[in-house]
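Here's the structure, in C-alpha cells; my notes come after.
The values are calculated or read from the model by the stated rules, or taken from the named source; none is laboratory data. Bear in mind the structure is a predicted one, so any value in this text is a computation, not a measurement. All Cβ positions, even for glycine, are placed from backbone atoms using ideal geometry, and neighbour counts span all protein chains on display.
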C-alpha cells in the first residue's frame, strides 16, 4: 500500500470518504517541497479518486502507442517495441505501467476497470515483450502482484508471446531461423541487435575477443543504411559462431581459449599452434598452485603473477616490447582468476 501512496497526488491525503485505510508509521511527502504532508494511521482515500487516477494514467501511457495498429500480430508487437527504442519514451512507459500496476491491485475487481481491461492487458503484453526481447528468456512475472498475474494467465499473454516473439539463441542456425520465421527487415534489425548485445554482454568477461566484437557492434549500429546494417550484423553473428567453432577446432576449453585470445591480442604475429602449446604448458604449470580463493592470498598472487610474466618474457621477448609483455601477463592473470576463483 505504501507504493500506492507514492503515486497519488498530495490532495488525496485529505479525502473524507473512508474507502481504503492505510497504515503508515513514517513520513511521506506528497505535497510540494514547501509544504510536506505527514501521514499517520487512518489516512483515507476515496475509491472514486483512485479509479479516476487509473483512467488518467492508462490514457496517458497508451497515448505513446496511438500510431500502432493493435491487431494481435507480431508486426503490431514489434511496432510497439519500436516506440520504446527511445529512452525517454521507455522511461515514461515503465513509470506509467508501474503506477497502473499498483492502482490495479487496489481497485480490482471493480467493474469500472472492465472498459480498461483490453488496454491494460495490451500494455502488460508490451512490457513482457520488451523484457523478453532484452533479457532473452521466458517471462517469470516476478514484477507483478497477484491480481495482475491472474489477469496475465487468463488472457494467455505468455502463450501469445511464445508464438509472436520466440527467443532465438545465436548459433549456427540463428540466421536460418530468422529467415524461416518471416521477419521483416525492421523486425530482423531489432531482434538481431538485441540478440547480439545480449550475447556479447554475457560473454564480455569470459574472453578478450568479445571486447573486440562488442566494439565492432558499436560501430555497426551507427550505420543508418538498413540493408548495410543487416548485412554487417549478420556478419557479426557469423564471427561469434566462428569464435565458438575455433575453440572446438583447436581442442581448447573456454579457459584455454580465453588465454589464447589474450595472447593474440598482444602478440599479433604468432601462429595459433604455437600459442596453443604455450597456453597448455602455462596452465599445466600454474594450475597446481591454484586453490579456491588463491588470488586473495597476497603472496600466492604475487608468485603466480611472477611466473606468468617470466613465462611470457621467455616466450615473446624477441617479438614484443617488455611493456607489452607486462600488459599481456596482467591480462592472463585476470583470466586465471576469472576461471579459477
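Some observations on this one:
- Test set (1) modelled with pLDDT of 90 or more; (2) closer than 30 Å to residue 335 by Cβ - residue 247 fails condition number: (1)
- Which listed residue, of 189, 129, is in the same structural domain as residue 235 (by TED's automatic domain parsing), touching a helix residue (DSSP H, G or I) at 6+ places or on another chain (Cβ under 7 Å) and modelled with pLDDT of 90 or more: 189
- Matching residues, the range 129-163, being within 18 Å of residue 71 (Cβ to Cβ) and buried (at least 18 other Cβ atoms within 10 Å of the Cβ): 129, 157, 161
- Between 284, 280, the distinction of being farther than 26 Å from residue 212 by Cα and out of contact with any strand residue (DSSP E or B) (no Cβ under 8 Å at 6 or more places or on another chain) belongs to 284 only.
- Sub-9 Å Cβ pairs linking a first residue in the range 290-307 that is on the phi > 0 side of the Ramachandran plot and assigned by TED's automatic domain parsing to the domain that holds residue 328 to a second residue that is in a loop (DSSP other than H, G, I, E, B) and surrounded by 10 or more Cβ atoms within 10 Å (Cβ to Cβ), at least 6 apart or interchain, are 293/341, ordered by first then second residue.
- Screening 149, 176, 155, 132 for residues that are within 26 Å of residue 118 (Cα to Cα) and without any contact (Cβ under 8 Å) to a residue 12 or more places away in the chain leaves exactly one candidate, 149.
- Qualifying position, being in the same structural domain as residue 233 (by TED's automatic domain parsing) and touching a helix residue (DSSP H, G or I) at 6+ places or on another chain (Cβ under 6 Å), among 100, 178, 141: 178
- Of the residues making up the range 214-228, those that are part of a helix (DSSP H, G or I) and farther than 14 Å from residue 197 by Cβ are 226, 227, 228.
- Residue that is touching a helix residue (DSSP H, G or I) at 6+ places or on another chain (Cβ under 6 Å) and either under 24 Å from residue 150 (Cα atoms) or at pLDDT 95 or above (or both), where the choices are 59, 106, 73: 106
- Here residue 260 does not fit the description of being in the same structural domain as residue 204 (by TED's automatic domain parsing), surrounded by 11 or more Cβ atoms within 10 Å (Cβ to Cβ) and touching a helix residue (DSSP H, G or I) at 6+ places or on another chain (Cβ under 8 Å).
- Residue, nearest to residue 114 (Cα to Cα), within the range 179-198, restricted to residues that are assigned to a helix (DSSP H, G or I) and over 16 Å from the mean Cα position of the chain (by Cα): 187
- Subset tally (residues that are farther than 17 Å from residue 235 by Cα and either assigned to a helix (DSSP H, G or I) or not assigned by TED's automatic domain parsing to the domain that holds residue 237 (or both)) for the range 199-213: 4
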